[in-house]
Amino acid sequence: MIALASGVAADVSTSDERGKYMGSVLSGTMLGPAVGPVIGGLLAEFLGWRSIFWFLTILSGCFLVPFAIAFPETGRNVVASGSVPPQWWNKTFFDLFAKRRALEALGPAERTQFCQAGRHAHEVLASKREMGIPNPLNALRIIGRPEAAILLAFNSINFAAFYDISASLPYLLREIYGLNELQIGLCFLPFGLGCFMAPLFNGPLLDWRFHKVARKSGIAIDKSRGNKLDGFPIERARLPVAWPMSTVAALTVICYGWVMEREAHLAVPLVLLYIMGACFVASANVCSTMIVDYNPSSPSTATAANNLCRCLFSAGATAIIIDMIQGMGRGWCFTFIGLVVVAAGPLLLVISKYGPGWRNERRDRLAQHSGANAREGYRKRSPAAEVIPVSVC
């Protein structure tokens, strides 16, 4: 669902406004793990842990009904830019109702013409669409590209630190402050608030950077169709926003570790949790937007590759965080985590320096490969095949 949400955001936005759209998607994604413990704490404290699963089932069902009724199809290979109506199996209830009313208002001849025009549009779109058996390994191909691999490594390290904080928080709050389930859940609120607030300033900042770099490069912004990013210095437009956010988050993690080591007043770690949530999500928003910029024709696959990497890193990190705290102590454990995040920062410099060249080389290879295939197909065609389409026309 996270990958599909990012795909929808890429479908309905152009590259110059993608920052705030992707920020909104990521904000909802990160708000769940942050607010979930609050709701879970309330339910577990007063109704028992089984009520958590009943709540999730009911909430999902309530969301599914309006989603199925009203959410439109946005896939570019299905509806193009929105000018082509979707097939009946991709239509919502509102789409079917609107089409029925439109057909009832037409006469028989107009109705036939309307249906023929719709079928023709689908045929044209289908002729340009590359359909095949879905391959989940396509995400691995994206990870195999050097600029994407380095970007995902940086993002995954940041996510690992983020989930180390989240996973260890209940343990630390219970051990240091003696809080119960409900109180621990409430302590996640500053964390969640920071995650929610980050896109409000980070998304517009990304879009502002995009326009600024476009002006300096003499590139006009195409708001109707969106800019092709083949020759656009997208690294200069995105990455300068990520590094400061990641660095502030890392320094805050180090402060957080020593605050917990000294067992300071509860208000201090709560403030630090807000800062960490905002900065980590702001940095992740840049990386999530960037990986979609690298793969605008397959945004969901790109997001799936991002999820695969960050979840693997986060799973490994959270599996050992309690042992690290017990073995290293709270202060040194989080100091180590913060320094790892800081050490990952130069990866962005590598992408900034070599990323455009890697992208250009891959584009040239694809162009040569496409040209070779086109020439091979031309040689294989018979003379009769060349004449028949002309005579039919």
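Structure data summary
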item	result
Nitroxide proxy distance, nm - points 7 Å out along Cα→Cβ at Trp332 and Tyr177	2.6 nm
Neighbour-count order for Met290, Met276, fewest beta carbons within 10 angstrom listed first	Met276, Met290
Charge context of Leu348, other residues only, Cβ under 13 angstrom, K/R +1, D/E -1	+1
Amide proton proximity set for Asn295, modelled H, under 5 Å, gap of 5+	none
Relative exposure of Cys62, Cys311, judged by other C-beta atoms within 10 Å (fewest first)	Cys62, Cys311
Exposure proxy ranking, count of Cβ atoms within 10 Å, fewest first, for Leu140, Leu239	Leu140, Leu239
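Readers should treat all values here as calculations from the given coordinates under stated rules, not as data from a laboratory. What you see is a predicted model, and the numbers here were worked out from it, not measured in a lab. Note that we place each Cβ from the backbone using ideal geometry, even for glycine, and neighbour counts take in every protein chain shown.
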